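The values are calculated or read from the model by the stated rules, or taken from the named source; none is laboratory data. Just so you know, these numbers come straight off a predicted model, no measurement behind them. Positions of Cβ are backbone-derived with ideal geometry, glycine not excepted, and every protein chain shown enters the neighbour counts.
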Amino acid sequence: MINQENTYLGADGLAYCKICGEPVEAFFPPDSILGMKKHFRQCACIRQKREVEEKAYKEREHRELVERNRKICFEEPRMYDWNFELAEKTTTIEKAKEYTANWNDMKKNHIGFLLWGPIGTGKSYIACCIANALLNREITVKMTNFNTIIDDMFPLEDKTEYINALARYELLILDDLGTERSSEYALGIVFSVIDRRYRSGRPLIVTTNLPIKQLKEETNIEKKRIYDRILEMCVPLYVGGSSYRSDIAHEKMGKMKTFFATAESSQTENIIEQTGTKTI
Ligand SMILES: [Zn+2]
């Protein structure tokens with residue numbers, strides 16, 4: 001319905017919008033059986049309002065989809081917030097960022113990462129940053145580890161479907177390889193998952209505390225066939241340097257020092273200096 005308060009009648013007999021000046025009516029074509037009868041048309045104000053509503057709707061749909069996928073991706077809610085924006089600028093982080101920036105090429109060429117290095121250097125953190133950056137672009141990612149996979153699969157009669165489901169995510173991240181049991185049964189599952197992923201042609205990211213040398217020179221035949229597949233699919237990226245956890249400890253120590261300093265206790269500060277700077 002045309003709101004007469006916001007319109008005026010033009011010389012051509014059509015109602016015009018007082019705000020944008022566009023007609024809010026139009027005549028049917030002269031050859032139409034309806035002749036000079038008029039029909040409603042959207043003026044710029046209404047079109048703009050519709051556009052804004054549509055944009056908000058699409059944004060909400062995007063947000064909901066991303067949040068749903070994020071919950072599926074991670075097993076720990078604290079990982080939802082591990083992203084590049086909050087990460088310290090290191091060369092490894094830069095490489096990880098580059099990976100997400102070139103995702104289409106990585107995907108096409110089935111390239112993943114093997115993030116390896118000592119415990120506590122932030123390998124899982126980097127993997128989460130990659131996952132979150134891709135999730136924000138509506139790419140499906142699953143991050144899990146073999147202890148969870150083995151536990152999940154144990155009671156299942158049809159283990160193939162579980163393995164196939166892992167192969168369907170656009171990116172699969174297997175965290176902490178090498179911490180799972182190494183029974184024949186467990187290694188069989190590890191191989192099945194990695195081999196299925198390999199055959200899916202989709203990228204895989206693995207994090208591990210195992211030294212790369214050990215992966216390359218493994219003599220146990222069960223493990224060797226797993227590691228060979230991983231080395232074929234994943235570009236090794238060493239994550240080392242200062243320990244990520246000890247950085248956090250250092251930062252906490254800094255905060256504590258400030259706290260005690262304001263409490264005018266230089267003695268306490270000395271005690272922290274002597275006892276507290278050990279890395280964890
Ligand atoms: Zn208008």
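Contact map, the range 107-124: first residue hydroxyl-bearing (Ser, Thr, Tyr), second residue in a strand (DSSP E or B), Cβ cut-off under 6 Å, separation 6 or more or different chains; pairs are Ser124/Asp175; Ser124/Thr207. Does Ile72 meet the test of being at pLDDT below 95 and either of a type in the set (Val, Ile, Thr) or within 13 Å of the ligand (Cβ to nearest atom) (or both)? Here the answer is no, as Ile72 does not meet what is asked. Just one of the numbered conditions (1) within 16 Å of the ligand (Cβ to nearest atom); (2) of a type outside the set (Ser, Thr, Tyr); (3) surrounded by 10 or more Cβ atoms within 10 Å (Cβ to Cβ) is not true of Met79: (1). Restricting the range 192-213 to residues that are of a type in the set (S, T, N, Q) and more than 12 Å from Ile226 (Cα to Cα) leaves a set whose member that is surrounded by the most Cβ atoms within 10 Å (Cβ to Cβ) is Thr207.
So which residues in the range 113-153 are acidic (Asp, Glu) and either part of a helix (DSSP H, G or I) or buried (at least 23 other Cβ atoms within 10 Å of the Cβ) (or both)?
Those that are acidic (Asp, Glu) and either part of a helix (DSSP H, G or I) or buried (at least 23 other Cβ atoms within 10 Å of the Cβ) (or both): Asp151, Asp152.
Within the range 72-86, the set of residues being farther than 11 Å from Leu135 by Cβ and either without any contact (Cβ under 8 Å) to a residue 40 or more places away in the chain or in a helix (DSSP H, G or I) (or both) comprises Glu76, Pro77, Arg78, Asp81, Glu85, Leu86.
Would you point out which residue out of Glu25, Glu94, Glu85, Glu98 is surrounded by fewer than 10 Cβ atoms within 10 Å (Cβ to Cβ), farther than 28 Å from Ile149 by Cα and either outside the structural domain of Ile173 (by TED's automatic domain parsing) or more than 16 Å from the ligand (Cβ to nearest atom) (or both)? Within the list Glu25, Glu94, Glu85, Glu98, the selection yields Glu85. Give Leu65, Leu156 a once-over and let me know the one that is farther than 24 Å from Cys234 by Cβ and part of a loop (DSSP other than H, G, I, E, B). On inspection, the qualifying residue turns out to be Leu156. If you go through the range 28-51 and keep only what is free of Cβ contacts under 8 Å to residues at least 24 places away in the same chain and away from the ligand (no atom under 14 Å from the Cβ), you end up with Phe28, Pro29, Pro30, Asp31, Ser32, Ile33, Leu34, Gly35, Met36, Lys37, His39. Out of curiosity, is Glu273 modelled with pLDDT under 55 and among the charged types (D, E, K, R)? Yes.
Candidates in the range 1-22 are the residues that are more than 9 Å from the ligand (Cβ to nearest atom) and in a helix (DSSP H, G or I); of these, the one that is modelled with the highest pLDDT is Glu5. Quick check on Glu64: is it within 30 Å of Pro203 (Cα to Cα), away from the ligand (no atom under 16 Å from the Cβ) and outside the structural domain of Met143 (by TED's automatic domain parsing)? Yes; evaluated as a whole, the condition is true for this residue.
Every condition in (1) in contact (Cβ under 8 Å) with a residue 24 or more places away in the chain; (2) under 26 Å from Thr90 (Cβ atoms) holds for Asn104 except the one numbered (1). Residues of the range 90-122 that are among the charged types (D, E, K, R) and more than 11 Å from Leu134 (Cβ to Cβ): Glu94, Lys95, Lys97, Glu98, Asp105, Lys108. Of all the listed residues (Tyr16, Tyr57), the sole one being surrounded by 10 or more Cβ atoms within 10 Å (Cβ to Cβ) and touching a Gly at 6+ places or on another chain (Cβ under 7 Å) is Tyr16.
Restricting the range 88-112 to residues that are in a loop (DSSP other than H, G, I, E, B) and not aliphatic (A, V, I, L, M) leaves a set whose member that is modelled with the highest pLDDT is Asn102.
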